[in-house]
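Data block below; observations after.
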Amino acid sequence: MGLLTILKKNRQKEKEIRLLMLGLDNAGKTTILKRINGEDIDTISPTLGFNIKTLEHNGFKMNIWDVGGQKSIRSYWRNYFEQTDGLVWVVDSADRLRLEDCKKELHELLQEERLSGASLLVFANKQDLPGALTDDQIREALELDSIVTHHWAILGCSAKTGSHLLKGMDWVVGDIGSRIYLLD
Amino acid sequence: MSDDQDQQDEKFDIEALLDSVEDSDGYHPTSKTPSFFYNSSEVISAIKHVASFPLVGPCKVDLRGRWGLQMNLENLIGKYQYQSYLLDPMLEQMISPLITPIRKVVHDVTFGDLKGEVMNEQGDLVFYILNLICKTRGYKTIVKFLPHEVADLEPTFEFLKKQDKKRVWETRYVLLIWLSLMCMIPFDLKTIDSQATKDSERIPLVDQMIEKGKTFLQCAGKDRDGASLFLARLLTRKDTCRIYLPEFVHWAKNSLQSDTSNLIEAIGIMATLCWIFKLGQREVLLPIADELEDLLVGVENKDGLMSNSAIKKYIVKLSQRVGLCLLKPRVAAWRYQRGNRSLVSNLASGVTSRMEKVSMTIADEDEDDENFDVPDAVENVIERLMNGLRDRDTIVRWSAAKGMGRMSNRLPKEMADDVVGGIFELFSEDVFELPNGEPDISSVSEHTWHGACLAIAELSRRGLLLPHRLTEVIPWIILALKFDVKRGAHSVGSNVRDSACYVCWSFARAYTPDVLDVHVRKLSNTLIAVSVFDRDINIRRASSAAFQENVGRMGIFPHGIDIVTVADYFSIGNINNSFLNVAPYIAGFEEYRRYLSEHLVEVVISHWDIAVREVAAEAIARIAVLDLDFACGTIIPALTKNATSLDSVIRHGALIALGRTCKAVKAHSDIPVEERIAPEVLQAITQVAPSIPEFTLSGFGSEHTRQALCVHITCLSEAAWPLGNEAHQASVLNSWKGIIYTTLERVEEPLQRLASETFRALIGQYGITETEFEQCLARVRPGAEYLGKRGFALALGEVDYRDSRYSGFTSRVIEALDVTANHNPVAHGGAEVKPDAESRRNAINSVTNIVKVLNTDYKQMISHSMSNKILQMYFRGLEDYSVDHRGDVGSWIREASMQGLQVMVPIVARLDHHLTHEQADQRYLVEADHVQVLAKLLQQSVEKIDRIRGAAATAMVAILYAEVDPEAEAVAGKDPEYVLRVPHRAELMKVIEKSDEMSLIWLQASEVYARIVKLLHLPEYRFELLLGFVVSAGGLTETLVRHSSSCLTEFVSSLPVTKSDDMEVDGNDNVSTTPTLTLVEFAHDIMKIIDRYEGQDRLIVPLLEVLDLLFESGILLLLEHPTDFDFAPLVKFVRRQTIKCKDMRKLSASIRTFCGLCGLGGKIKNAILLELLRLLVHPFPKIRRTTADSMYLMLSGSVEEPTLESEEVGKILVETDWNLAVGALTPIRDRMYPLLGLEKPKVVSAPVRT
């Protein structure tokens, strides 16, 4: 009866879900997190490292890990004490120049064993900006249709206005819930 | 199988995916874990198959078939044991095919068409699978998928009643949990029960069910658990609880208190009561709560029950549930809460910055919820839980901790605070104060601390540990994180440390950063120290997980992100990596550096586990160099003080750590260490080893002290540590040498090796006098004490003889070692002595070492005769086949000799190569030596022991492929120039390839013999190779014999009889470049072995076996006697082996060889028959039997037409009981002389037989 077992038990009892919030830097990960956490989004600086926030939604307890846009982040999901159930990949829809980078990073990420099977939600963020690509364009640019290893969905959203954030979280929680928990 | 394949292709196969991921980047985390139910279709079709058989009547599938189905499903579903929630989406599809036939059979055999029949074993299998799913996912989840129809209740109960208790328990268990579900149907049972009467309150069906249920409570198996649940469900029904529940409690109380109560039943009753209090309505339970208190006290007074963990757990659990029942359900208004946590409300509110208003609310204390009475009984409950926290059994403590959390949630603030205080008191139980004011926790109970930590974690997780209590609790938690106490031969406390990690983890989830801010420093330091320096991998991981959680949620831990990135689950999994790489990295941050050093010096260096101390010593050295002033001013003085401690554990760790730290510090310091370290400390360091008390160097535990001292002295010597003025230096060195010399005489081999390395370091740095060297040399002379001889033989090889101080001794040392390496006994002091195997091996290794160190200076130091002596010593070592009670100890010496050749030959041959042709006489090695080296290695490469073959192969590759200029780069198309001059290089290189896979092939008997047998063609190596083959092919190990002998016979059978035969076939009269062996030559070589080794049974017995083999396969019979080959000497040889021989194996091999030789016919046959007839009356019955058997086989297998006589002989051989006394057998034997056409030999001198 070590920490590992205790955490596993608690996790199941309290219907916990672990979500990783990832994406290139300046995609708006922290803004989204602060927005859904009901915090002030006016002052946000680049995230160094990570934040963990806990929220309740549809009867699930979500632990959202907001990981900075830097590269060496493997160790966060290599923690075996908690399994990662869902990935929220945030894209800056207005940053056309780095879409290629973004695609590469995402596809590399999906190769990670600890993330296999995790549900993938792509947020095409910053839809409020003029010139932002639509979610369909992003879907094509990121070659999402080639992903067969994960359940995935894409949704245009705006952290600033809060549009579609709830819908996205609904999808990811619902997908994870139906995959690993018995819905009452 | 193909069906399976198709299914695999159709669905998304996560396993295959993972494989491809691993291949792509080589990233292998631990085991693969599925992330969803990937083989669901396979599982469901298997389940449907199982459920498709009729459950009544004769079985279609036999036991084996059922077992196969069962195992298959166990494998498929068992994978999910640890992630059983993944099954959830498919559970309905898994369960309904199973329960449908069950329902049918239940109805059929109770009230239906097949009434009176019984369910067959296929039915049991269906129940078994249902239980398998229950076991994997948990029955609570499974039960939801079972049907709950009114009509099932009575038949199912009837069906249960009919179950034979001798059949498998799974059936009864599944039926009981199914019934427990049916008990929840909302209709009045009276309306269902067919036997119920209107006027009675009682329901006959319920009466029966309760009585039946009670009988199950006496079962020792899992069906008891099912029965508990079933009874609890039944008794907490609205229509039953009023009458039946008090009755049951009464019955329970009586049977628990009766003198005849049995333990199993008591567990069952307690479990049932626990369920009742979990499931029942509060108003139903309240009236019986008082009676429960009596019942609990009653059980507690029975020692027989209280020694059982399950009973104790149920007492804690039941007591807690009674307590919860006494208190009104509520969530403590006073609890600590952090933040607003609903996603929807956050998003709905939309507007920002309302966080501050809602966060950190501790409700006002004057709320009216404080105004309720707490029943007195609650105090008893709390006391019982408090005792439960200190219990010996983990399950009891865990249950009590959870109970504490739940109870506190319902208590008023004041009382809950008392509870917290009570838990704190558990920590201080049995804690004494040390003179320096620190708490001494060496005598506390690890159980109590574990329980207390669990309770604290449960409370803080629920927000019931208010922030103002943190200041009090955190010092205890920090102590608990480091709790590692040695009790007897093992340590205790890993559970305490683990639970302390849980506390820290729950802190991260419970509090806001500003609450913890003041404690961060201490917590982060300790968590990090435990993450990298704990002995147990689980604790390191738990601690790092807690740290990660804190970093992520608090963001206030200095350098948290960098540390989390480096100290992750994997990197700290390996203790060496954790101590030696991760810890120094973290120590790179100033905030942690000193704390980590101090933790090492104070805690880890005196750890009870020697391996931890050793790695900690290295870690100290690596961290010390990051801050030299701190190292010199604090760490080194502290270690110096500990190094003279009387506690052997502390002393051991500190001695090693001091040595390593001094060495590292000196290497990193740009100014002399004298300027950094205080003079009195310097003085103290030099005094450490000399002041070690004598008694610690001998007797129990002394090997550890000596090991530490050796490392200590080695490090200081290598560092050229200043030892003060000359006189002082001399006295220190004297003491060091004394330690080294006495350690060299120890019986432990690792210690001797260590001491010899220390010897090298010391004399390399500080030197020794000639007289001292002479003394060392004297220790390896013949007649010297054997342990010292082993040690000093090693030590002498560690000296660098290029050093002008010792070069004068070179030849004398080598000569002395050569004598020591000799396995042939020499006369000494009137007796024959020979050094023991370890000394011989050490001596040879030492010579090799000397040669290796000399390398290109060999020429200046070693004369021709000396070089030859070394070579001959190795050759002699290869002949060392000594055996003692440990087995083939000679193999150590052979191995050492091969390694010696591997080192020496390339070095020497390279020197030779630089000489011109005119200087050929100056060469160390002549051509014949080169051939000899290879031939002898080839012999070893086909010997019996895998390890020896491997060593031989390594040596051969090294020698054969040694290049003149090892640095030269390979030029395409041009062969490199090799130093070894041997004939048939091309053939050799084809067989002895230089590649990595080859090193494995040599270890495998199945590969090596087939490969090397071809080399028998080469006359230069044939004799030695054949020797090796004979030993293997005639050996005892079955696999070895099989592989080697089949290769040998196959090879020999392919040989031409004579050279001319070969020529005719080839039609080529040129002498081919590759020589080929002929059968005649082969036979001559066999005779050569006989001539040379007769009398050495190690070779002769296998040789006889091989001869038997070769005759049996008819190969040797191809030779014409006597034109091709004269067999007479061979017959004589075999005859000699049978005389006065008592070795059963040798005799029987000789007999078989005799029979083989008979195949030659003629005079030889007659001569041999006489021998065999003699052996028929051999004193050993077994030999008589063997002879008779072999003779019979030989005669019946003969090509000659059977005659009356030969049939008669065969009859005698078969029908006689050769176990009879020799006297009785002799006349029978004598009858055979005339039958075989022989004349009975006249007894020349009658042998006296008893």
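Where a number appears in this text, it was derived from the coordinates with a stated rule and is not lab data. Here the structure is a predicted model, which is why all the values come from computation and not from measurement. Here the Cβ is made from the backbone with ideal geometry for all residues, glycine too, and neighbour counts use every protein chain on show.
Of note:
- Look at the dipole of the protein assembly as shown built from charges on Cβ: of B:N642, B:V118, B:L146, the Cα furthest out on the positive end belongs to B:V118.
- Loop-located GluC sites (Glu not before Pro) in the stretch B:100-157, at most 13 other Cβ atoms within 10 Å (DSSP): B:E149
- Separation of the stretch B:509-560 from the stretch B:717-795 is 48 Å, based on Cα centroids.
- Magnitude of the charge dipole, the stretch B:860-913, Cβ model with Lys/Arg +1 and Asp/Glu -1, debye to 20: 180
- At q = 0.15, 0.20 Å⁻¹ the log10 of I(q)/I(0) for the stretch B:489-635 amounts to -0.71, -1.23, computed by Debye summation with a single uniform scatterer per C-alpha, solvent ignored.
- Length-normalised contact order for chain B - Cα pairs under 8 Å, 6+ apart - percent: 3
- Checked against a 26 Å cut-off, the cross-linked pairs A:K9/A:K29; B:K104/B:K278; A:K29/A:K61 give Cα-Cα distances beyond that limit for A:K9/A:K29; B:K104/B:K278.
- The label point for B:Q775 and the one for B:N1219, both projected 7 Å from the Cα toward the Cβ, are 6.8 nm apart.
- Among the trypsin sites (Lys or Arg not before Pro) in the stretch B:841-899, those located in a DSSP loop and surrounded by at most 14 other Cβ atoms within 10 Å of their own Cβ are B:R886.
- Note on B:R1174 and B:F187: their simple-model spin labels are 10.3 nm apart, each label 7 Å out from Cα toward Cβ.
- Positive end of the dipole of chain B (Cβ unit charges, origin at the Cα centre): among B:S1148, B:I1012, B:A489, the Cα lying farthest that way belongs to B:S1148.
- In a DSSP loop and with at most 14 other Cβ atoms within 10 Å, the trypsin sites (Lys or Arg not before Pro) in the stretch B:1070-1172 are B:K1140, B:K1142.
- Ascending count of other beta-carbon atoms within 10 Å, so fewest first, for B:W169, B:W67: B:W67, B:W169
- Put in order of Cβ neighbour count within 10 Å, fewest first, the listed residues B:C501, B:C134 become B:C134, B:C501.
- In terms of its C-alpha gyration tensor, the stretch B:857-916 comes out prolate, because a/c is 1.5 or above and the ratio a/b outweighs b/c.
- Rounded Å value of the spacing that divides the Cα centres of the stretch B:1228-1243 and the stretch B:804-871: 61
- Each part gets one Cα centre, and for the stretch B:1157-1178 versus the stretch B:186-262 those centres are 91 Å apart.
- Near B:V665: Cβ cut-off under 14 Å, other residues only, Lys/Arg at +1 and Asp/Glu at -1. The net charge is -2.
- Normalised radius of gyration (Cα atoms, divided by 2.2 N^0.38 Å) for the stretch B:1118-1241: 1.02.
- Averaging the sequence gap over all C-alpha pairs within less than 8 Å and six or more residues apart, then dividing by the number of residues, gives the stretch B:718-812 a relative contact order of 28 percent.
- Gyration tensor verdict on the stretch B:385-528 (Cα atoms; rounded if a/c is under 1.5, prolate if a/b is larger than b/c, oblate otherwise): oblate
- Order of B:C715, B:C1141 - criterion: other Cβ atoms within 10 Å of each residue's Cβ, fewest first: B:C1141, B:C715
- Hydrodynamic radius by Kirkwood, which averages 1/r over all alpha carbon pairs of chain B, in angstrom: 39.8
- B:A333 paired with B:K161, simple spin-label distance in nm, labels 7 Å along Cα-to-beta-carbon: 5.5
- Anisotropy class of the stretch B:732-882 from Cα gyration tensor, a/c 1.5 cut: oblate
- Full extension of the chain segment joining B:V603 with B:H914 gains 105.9 nm, where the gain is 0.36 nm per residue of separation less the Cα-Cα distance.
- Projected area averaged over orientations for the protein assembly as shown, convex hull of C-alpha atoms, nm²: 78.6
- Helix axis angle, B:520-533 relative to chain B longest principal axis, alpha carbon, degrees: 30
- With the charge dipole of the stretch B:1079-1207 set up from +1 on Lys and Arg Cβ and -1 on Asp and Glu Cβ about the Cα centre, the Cα lying farthest toward the positive end among the listed residues B:L1119, B:Y1192, B:G1161 is that of B:Y1192.
- What you get for the stretch B:139-255, charging only the Cβ of Lys and Arg (+1) and of Asp and Glu (-1), is a dipole of about 440 debye around the Cα centre.
- Here the protein assembly as shown is treated with +1 on each Lys and Arg Cβ and -1 on each Asp and Glu Cβ, and its dipole about the Cα centre works out to around 2660 debye.
- Cross-link pairs B:K1014/B:K1165; B:K313/B:K522; B:K60/B:K135; B:K936/B:K1146 - those with Cα-Cα distance over 29 Å: B:K1014/B:K1165; B:K313/B:K522
- With contacts taken as Cα pairs under 8 Å at a separation of at least 6 residues, the stretch B:1120-1250 carries a relative contact order of 19 percent.
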